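The values are calculated or read from the model by the stated rules, or taken from the named source; none is laboratory data. Not measured: the values here are computed from a predicted model. For neighbour counting, all protein chains shown are included, and Cβ atoms are generated from backbone atoms with ideal geometry for every residue, glycine included.
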Amino acid sequence: MNNRLENIIDLKKYPIQDLNSPIIKEVIKKCKSDLNQFSCSTIPNFILPKSLKIMNAELEKQIHQVYMSKESINPYLNSKDEPSLEKDHPKRIFSRRDNGYLNSDLFEKDSEMKFLYEQELLLKFVSACLEIAPIYRWADPLACHAYNIMRPNGILPWHFDSCEFTLSILIQKPKKGGIFEYCPNIRKPGNENFEEVKKVLNGNRKCVRQLKLEPGDLQIFKGRFTLHRVTKVEGNRSRYLAIPAYVLDPWRVNTPEHSRAIYGKVLPIHHERNIKRSDGLSD
Ligand SMILES: [Fe+2]
């Protein structure tokens, strides 16, 4: 058992090193059920307070390197209009975005978050909760385990993720707002369900759920199939979130356009690996 991991995850409460232990079997059972029903599951107080402080400190130490993106985007994280589509097509609905990332390639070698992301134990646990194997750590060098920053008045509009599965760990909660909202499983491979997506963008709240996330909770989320957003951060405290991600394809990375718009730069790997997605979904 790895000593450092004991100081990050509450392994007494959640002994993920033994997936057959009765405690962890119960946790996995609940996660599976939540994920099937709501495409999202939360495990309370998974990360220890001391480790959250370390994550907070490493982010604040590099806060000047955060790339803030204020480009308006559509739900497919694209900023380019497609005039050939109908005027009210979801791909032509752009919303204000004001939020930033500390890109994964900037993390220091001994970073707490980077260390956690590289743990096979965590990957195996998440895979069991999702009931999907194998899953892989994301090959995208900028996005794989980035910190997300939303400053006061920051907002993240409705969108789908490029990666299939995301973990969210809230590191610092804003005073008000910054609430995660989502529409479970609104699209699936081969079916974009544009009509329903359009309704949500136009303010229909029928399928919208809100998640109460507290610092230290671990959220497991199927972000590629679930339309989601974060409401405006109110008050003077920023919202900090770690978002390590897992994927079904160990080779794929973000598209160059997506990487430029969200992470502020494009690396050769984004051009080299820019081919059409096999699930037929837009991003
Ligand atoms: Fe997202």
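Summary table
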| item | result |
| --- | --- |
| Enumeration of residues in region 141-194 that are within 16 Å of the ligand (Cβ to nearest atom) and of a type in the set (Val, Ile, Thr) | Ile149, Ile155, Thr166, Ile169, Ile179, Ile186 |
| Residues being of a type in the set (D, E, K, R) and within 17 Å of Ala143 (Cα to Cα) - total across region 158-184 | 2 |
| Hits in region 166-180 (condition: among the charged types (D, E, K, R), more than 12 Å from Ile149 (Cα to Cα) and in contact (Cβ under 8 Å) with a residue 60 or more places away in the chain) | Lys175 |
| Wholly within region 76-169, strands (runs of 3 or more DSSP E) carrying at least 1 residues that are touching a Gly at 6+ places or on another chain (Cβ under 7 Å) | 99-102, 145-150 |
| Test: residue in region 35-50 that is free of Cβ contacts under 8 Å to residues at least 40 places away in the same chain, assigned to a helix (DSSP H, G or I) and under 18 Å from Leu213 (Cα atoms) | no |
| Output for region 200-234, where each listed residue is away from the ligand (no atom under 16 Å from the Cβ) and of a type in the set (S, T, N, Q) | Asn202, Asn204 |
| Residues of region 235-270 that turn out to be more than 12 Å from the ligand (Cβ to nearest atom) and either assigned to a loop (DSSP other than H, G, I, E, B) or among the β-branched types (Val, Ile, Thr) (or both), as a count | 18 |
| Qualifying positions in region 128-154 - among the β-branched types (Val, Ile, Thr) and either free of Cβ contacts under 8 Å to residues at least 40 places away in the same chain or within 18 Å of Asp105 (Cβ to Cβ) (or both) | Ile149 |
| Search result, residues across region 209-230 that are among the β-branched types (Val, Ile, Thr) and within 11 Å of Asn185 (Cα to Cα) | Thr226 |
| Checking Arg224 against (1) within 30 Å of Asn204 (Cβ to Cβ); (2) not in a loop (DSSP other than H, G, I, E, B), the condition it does not meet | (2) |
| Condition met for Glu26 (within 20 Å of Ala245 (Cβ to Cβ) and among the charged types (D, E, K, R)) | no |
| Close pairs from region 219-247: first under 20 Å from Phe115 (Cβ atoms) and free of Cβ contacts under 8 Å to residues at least 24 places away in the same chain, partner assigned to a strand (DSSP E or B) and within 13 Å of the ligand (Cβ to nearest atom), Cβ under 7 Å, at least 6 apart | none |
| All positions within region 172-197 that are part of a loop (DSSP other than H, G, I, E, B) and charged (D, E, K, R) | Lys173, Lys175, Arg187, Glu192 |
| Filter result for Pro134 (under 28 Å from Ile275 (Cβ atoms), away from the ligand (no atom under 14 Å from the Cβ) and either modelled with pLDDT of 95 or more or buried (at least 21 other Cβ atoms within 10 Å of the Cβ) (or both)) | yes |
